[in-house]
Amino acid sequence: MTEYYLVRHGQTQAGAQGVVSGTLDTPLTYLNETGKAQMQALKQQLNLSGCQRIIASPLSRAQQAAELLNATAQLPLDTDQRLQDISYGRWNGHTRKQLQQTYPELFDPYSGEAYADYGIPAKGEVFSAVNDRLRSFMTETTRRYPKAKLLVVTHGFIIQALAAAAVQAATPLAFPQPATGSVTQVVCSPDTMRQYLLNYNQRYGNQA
């Protein structure tokens with residue numbers, strides 16, 4: 001089995017202000033001091049001695065988080081484009097509050113998450129496209145590292161989508177968005193590509 005420890009990067013200023021970041025990669029979306037502290041706290045809790053490598057999203061906030069987690073272990077660090085956050089299209093850079101006021105019918109009233117239909121007015125990436133690239137990532141990576149323990153540093157929606165795929169849920173929104181600095185564990189069989197969700201949104205220290 002390939003073991004995946006899925007880490008959501010630490011807090012960003014955009015996240016703290018309720019700004020939808022998606023694929024934005026500007027100073028507003030870099031880790032803030034709270035986010036850096038979250039990664040330092042997580043580094044103290046994680047045992048990376050059995051990990052073979054770290055694989056991270058190309059966006060700066062994930063790269064920063066991966067480098068902080070890897071400061072002591074010095075594992076091989078790869079970047080994979082398929083792990084980048086969902087692109088919210090024209091919604092990138094707007095606050096969630098603004099968007100909910102403009103498009104109330106496109107948000108779940110309980111979770112505050114955008115429904116899949118958001119992609120029509122936003123011209124954003126559809127959920128199925130995210131699922132396709134993540135399926136490709138899991139298949140290729142599991143075959144390449146069939147008995148490895150891997151740390152994957154990525155984004156909230158990506159972790160939701162990976163967890164949903166593991167339990168064959170109809171939508172990533174079946175799971176609440178994981179906290180910044182949290183860890184989710186999925187394992188995948190290299191023989192069948194069957195995935196199993198072992199835990200979700202495990203938190204360490206002060207997270208949001």
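The values are calculated or read from the model by the stated rules, or taken from the named source; none is laboratory data. The structure displayed is predicted, hence computed values, not measured ones. Quick reminder, even Gly has a Cβ in these numbers, built from the backbone with ideal geometry, and neighbours come from all protein chains shown.
Restricting attention to segment 119-132, the residues that are in contact with a helix residue (DSSP H, G or I) (Cβ under 6 Å, 6 or more places away or on another chain), closer than 13 Å to Thr23 by Cβ and crowded, with 19+ Cβ neighbours inside 10 Å add up to 3.
Could you grab me the full set of residues in segment 164-187 that are of a type outside the set (S, T, N, Q) and without any contact (Cβ under 8 Å) to a residue 60 or more places away in the chain? Within segment 164-187, Ala164, Ala165, Ala166, Val167, Ala169, Ala170, Pro172, Ala174, Phe175 qualify. Residues that are surrounded by fewer than 17 Cβ atoms within 10 Å (Cβ to Cβ) and of a type in the set (Asp, Glu) were ranked within segment 90-114; the one that is farthest from Thr12 (Cα to Cα) is Glu105. For Gln40, state whether it is buried (at least 16 other Cβ atoms within 10 Å of the Cβ), more than 27 Å from Arg133 (Cα to Cα) and not aliphatic (A, V, I, L, M). The answer is no for Gln40.
When each of Gly93, Gly124, Gly89 is tested for being in contact with a strand residue (DSSP E or B) (Cβ under 7 Å, 6 or more places away or on another chain) and under 19 Å from Leu59 (Cβ atoms), the lone residue that passes is Gly93. Checking Thr184 against (1) touching a Ser or Thr at 6+ places or on another chain (Cβ under 8 Å); (2) within 27 Å of Gln17 (Cβ to Cβ); (3) of a type outside the set (A, V, I, L, M); (4) not in a loop (DSSP other than H, G, I, E, B), which test does it fail? Of everything listed in (1) touching a Ser or Thr at 6+ places or on another chain (Cβ under 8 Å); (2) within 27 Å of Gln17 (Cβ to Cβ); (3) of a type outside the set (A, V, I, L, M); (4) not in a loop (DSSP other than H, G, I, E, B), Thr184 misses just condition (1).
Among the residues of segment 1-34, those that are under 30 Å from Asp191 (Cβ atoms), assigned to a strand (DSSP E or B) and more than 15 Å from the chain's Cα centre (by Cα) comprise Thr2, Glu3.
Out of the residues in segment 47-58 that are part of a loop (DSSP other than H, G, I, E, B) and in contact with a Leu (Cβ under 8 Å, 6 or more places away or on another chain), state the one that is surrounded by the most Cβ atoms within 10 Å (Cβ to Cβ). Filtering segment 47-58 for residues that are part of a loop (DSSP other than H, G, I, E, B) and in contact with a Leu (Cβ under 8 Å, 6 or more places away or on another chain), the one surrounded by the most Cβ atoms within 10 Å (Cβ to Cβ) comes out as Ser57. The lone criterion from (1) more than 18 Å from Ala14 (Cβ to Cβ); (2) surrounded by 18 or more Cβ atoms within 10 Å (Cβ to Cβ); (3) in contact (Cβ under 8 Å) with a residue 60 or more places away in the chain left unmet by Pro146 is number (2). Among the residues of segment 62-78, those identified as modelled with pLDDT of 95 or more, in contact with a helix residue (DSSP H, G or I) (Cβ under 8 Å, 6 or more places away or on another chain) and either among the hydrophobic types (A, V, I, L, M, F, W, C) or surrounded by fewer than 16 Cβ atoms within 10 Å (Cβ to Cβ) (or both) are Ala62, Ala65, Leu68, Leu69, Leu77. The set of residues in segment 1-58 that are without any contact (Cβ under 8 Å) to a residue 60 or more places away in the chain, of a type in the set (A, V, I, L, M, F, W, C) and farther than 16 Å from Ala179 by Cα contains only Leu28.
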